[in-house]
1. Within the range 555-577, does at least one residue satisfy the condition of being more than 30 Å from Asn504 (Cβ to Cβ), under 30 Å from the mean Cα position of the chain (by Cα) and open to solvent by 30 Å² or more (accessible area, probe 1.4 Å)?
2. So which of Asp328, Asp317 is closer than 20 Å to Phe374 by Cβ, among the acidic types (Asp, Glu) and open to solvent by less than 50 Å² (accessible area, probe 1.4 Å)?
3. Out of everything in the range 204-218 that is at pLDDT 95 or above and out of contact with any Lys or Arg (no Cβ under 8 Å at 6 or more places or on another chain), what residue ends up being most open to solvent (accessible area, probe 1.4 Å)?
4. Checking Asn285 against (1) at pLDDT 95 or above; (2) buried (at least 17 other Cβ atoms within 10 Å of the Cβ), which single condition isn't satisfied?
5. What is the one condition in (1) open to solvent by less than 40 Å² (accessible area, probe 1.4 Å); (2) in contact with a Gly (Cβ under 7 Å, 6 or more places away or on another chain); (3) on the phi < 0 side of the Ramachandran plot that Asn693 does not satisfy?
6. Here is a check on your reading of the model: is Leu688 closer than 25 Å to Ile556 by Cβ, open to solvent by less than 40 Å² (accessible area, probe 1.4 Å) and of a type outside the set (Ser, Thr, Tyr)?
7. Does Lys311 satisfy the condition of being out of contact with any His (no Cβ under 6 Å at 6 or more places or on another chain), modelled with pLDDT of 95 or more and open to solvent by 70 Å² or more (accessible area, probe 1.4 Å)?
8. Quick one: in the range 455-490, of everything that is of a type in the set (D, E, K, R) and either touching a His at 6+ places or on another chain (Cβ under 6 Å) or part of a strand (DSSP E or B) (or both), which residue is most open to solvent (accessible area, probe 1.4 Å)?
Amino acid sequence: MKRKTTLVFSLLLASRIGHAQQVDTTKTVELQSISISATRSEKNPKDVGRSITVLTNDQIKNSGANTLAELLSMQEGLSIVGAGLNPGQLQSVFTRGANSNQTNVLIDGVKISNPSATDNGIDLSEISLSNIDRIEIVRGNHSTLYGSSAIGGVINIITKKNQTPGFHTDVELKAGKFGSGTSLFGENIGLNYTHKSGFYINGGLFNTNVKGINATVDSVTDPSNYKHNNLDKDGFKKTDLLGKIGFKKDKWDVYASYKNVNQKTDVDKGAFNDDDNYTTAFKRNLTSYGASYVLNPKISFTFFGGITDLKQVFIDDSSKINPAGDFDGTYFTGTNKAFVANNELQANFKFKGLSGVIGSGLFVEKMTFSSYYFSNTWGVFESRVDLEALKINVKTVNQFAHFDISGSLLSEKLKAFNLGLGLRNTQHQLFGSNVTYEINPSIKLSEGKLLYASYATGFNAPTLYQLFSTDKDFTSGITRGNKTLKPENSTSFEIGYKQNVNKNLSYSIAIFNNVVENSINYVYLWDKNTAIDSLGYGEYRGDTYVNLGKQTNQGIEFTVNTKVAKKLWLNANVSLINGKLEFNPNAIDTSHTQNNHVQLFNSGVFINQKIDNIELVRRPSTANFGVVYNPTNRLSIGVNLKYISGRKDIYYNPGLGPFGAVASKNISEYALADVMVKYSITKNLNSLLRIENLFDKNYNEIYGYATRGRGFYLNLRYSF
């Protein structure tokens with residue numbers, strides 16, 4: 001850890017690091033009391049005893065980011081795998097080293113997930129930067145208030161509501177390129193009408209069309225090879241339609257909204273494996289609603305919820321394999337469907353020395369899957385799967401409470417002390433009751449200086465696929481789905497300090513440790529009566545999911561924001577992450593595995609003895625640095641630098657066991673630079689030129705997949 005710390009801070013001082021949170025380049029905004037996801041209550045960010053970031057609408061617009069993944073990758077504690085790949089490729093978030101399905105992503109408090117996916121993880125490519133009022137990021141274990149998946153943290157995307165009375169328009173046009181033969185064109189239109197009575201209506205359209213690079217790296221070096229000369233460039237098309245209607249005035253805040261996501265992506269078969277006829281189409285309908293009522297200055301009630309259905313279709317058609325136009329004789333189509341309903345009711349209260357929230361919720365998940373496979377490689381073979389008749393679903397009921405207790409309850413001399421206490425009880429339809437809690441003391445050393453600590457437990461429920469997948473081994477009868485799975489349980493500790501030195505300088509530091517037990521792993525099973533070194537294809541006894549292993553993550557985060565001169569702003573953050581996996585054969589549920597040999601797919605290791613230290617993959621340390629200079633009121637120039645440390649990534653190794661498995665290899669560190677120039681043409685018309693990857697750095701983000709080269713993007717935005 002010491003070597004990494006020295007390296008990253010040296011690079012930071014030498015300005016060899018990457019994207020940074022872009023400040024509002026026209027003015028400094030002092031955030032007042034706003035709704036913070038860390039407490040589900042209105043509270044000033046500087047008084048919250050957790051590591052949080054609040055990105056305002058101005059900061060989002062001025063960041064120059066094209067996608068949510070790019071924006072989040074600028075923040076401390078967040079590593080976004082896929083942010084630098086061809087647009088539309090899978091983009092996953094790793095918060096403080098936690099797994100990609102252990103961060104809760106919310107829109108207006110409603111969880112956005114994909115129950116039809118194997119890990120229920122969210123693909124950030126489906127969420128555009130359209131119609132966003134602000135984004136609240138809470139790092140660290142937060143299952144007490146947000147339930148399953150909040151082990152790493154919470155990202156709450158809050159959409160726009162009412163504005164000043166009248167008609168408002170926000171129109172953005174974008175064009176760019178990021179390599180030879182590539183192009184990106186986008187339109188983002190937002191409309192709002194707000195009546196003086198408090199009634200408002202919003203509408204929006206987001207559209208982007210991308211002609212991209214080949215998503216995978218070309219591994220065919222023979223220029224006479226057909227595939228070498230016919231690698232396709234993978235495109236991406238996305239359209240979001242949204243509408244919102246509401247009323248906000250005095251004691252009432254009522255709204256209903258609808259969002260339709262429709263996108264299509266050209267994908268390839270895997271690392272170093274191009275495919276010119278493989279596409280995935282994704283559609284999501286999200287209806288959300290809510291109502292808040294302020295009974296009096298001390299008590300308020302809020303109800304909110306959302307209903308979402310999604311459909312994802314994969315099509316892999318036969319591809320040409322030679323100049324004669326021959327095909328490989330295979331065709332595959334798979335359709336995932338899912339439905340989620342989430343409704344919660346909470347009561348907030350604020351008395352002298354005591355404030356908090358009490359609430360309850362109901363969460364329903366459903367999924368189905370169907371597929372068709374045809375092959376004529378060794379004779380005609382067809383396979384069909386349809387899980388519709390199984391009606392796979394799970395209901396979860398929860399009750400939660402969080403209290404902030406001030407020392408002033410005992411004495412005014414103790415008012416600087418605060419104790420946060422949280423508790424959640426979750427009843428899952430299969431694994432039963434799960435209780436999580438949080439203890440969060442803090443002390444306000446003086447105005448703008450806060451020292452805090454947090455001890456919290458959390459959980460991550462097994463997914464519908466992991467529980468109910470019907471694939472079965474004909475010899476053993478063991479199914480891939482395992483209905484005896486327990487939730488992953490976590491215990492985390494954090495200590496931090498944040499200080500607003502003055503209106504021009506603030507900084508924070510946090511040290512954390514998070515341990516996840518009962519980790520859910522995908523495994524191969526092999527005949528228990530055959531020695532491991534003698535196993536062959538005939539000894540295969542199926543594949544399944546089991547609770548096995550312990551994951552430990554630890555690290556340090558540091559961030560600073562300062563106005564170093566009248567027209568010069570600087571901000572930087574550093575995140576040092578370290579982690580490991582441990583496995584113990586005594587933790588295996590042999591009633592499901594039937595005492596067969598267990599082999600981890602993710603490393604190829606057989607769990608026949610205790611394993612103490614397997615390094616995590618895709619968990620880099622990161623550093624971001626940004627500087628903004630305003631030579632005039634109309635002109636702003638910014639430089640963003642990003643550094644990603646060396647880390648492990650995965651690849652398929654056919655030599656790990658009879659079927660092969662996933663192995664890991666080292667991926668080199670890299671540093672990127674972006675430049676942005678913003679110019680206000682008129683009061684309402686602004687232009688922004690962004691040069692991405694200024695030095696055209698060739699780097700690896702995911703082994704075997706191509707990253708974008710130097711890119712040029714021009715934005716024109718008209719707002720009134």
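The values are calculated or read from the model by the stated rules, or taken from the named source; none is laboratory data. Predicted model only: the values in this text are computed from it and were never measured. With ideal geometry, Cβ positions are generated from the backbone for all residues, glycine too; neighbour counts draw on all protein chains shown. Ligands, DNA and RNA are excluded from the accessible area calculation, which covers all protein heavy atoms including side chains. Shrake-Rupley method; radii C 1.70, N 1.55, O 1.52, S 1.80 Å.
1. No, because not a single residue in the range 555-577 is more than 30 Å from Asn504 (Cβ to Cβ), under 30 Å from the mean Cα position of the chain (by Cα) and open to solvent by 30 Å² or more (accessible area, probe 1.4 Å).
2. Criteria check complete, one pass: Asp328.
3. Leu205
4. Answer for Asn285: the failing condition is (2).
5. The one condition Asn693 does not meet is (3).
6. No.
7. So Lys311 fits the description; yes.
8. Of everything passing the filter in the range 455-490, Lys472 is most open to solvent (accessible area, probe 1.4 Å).
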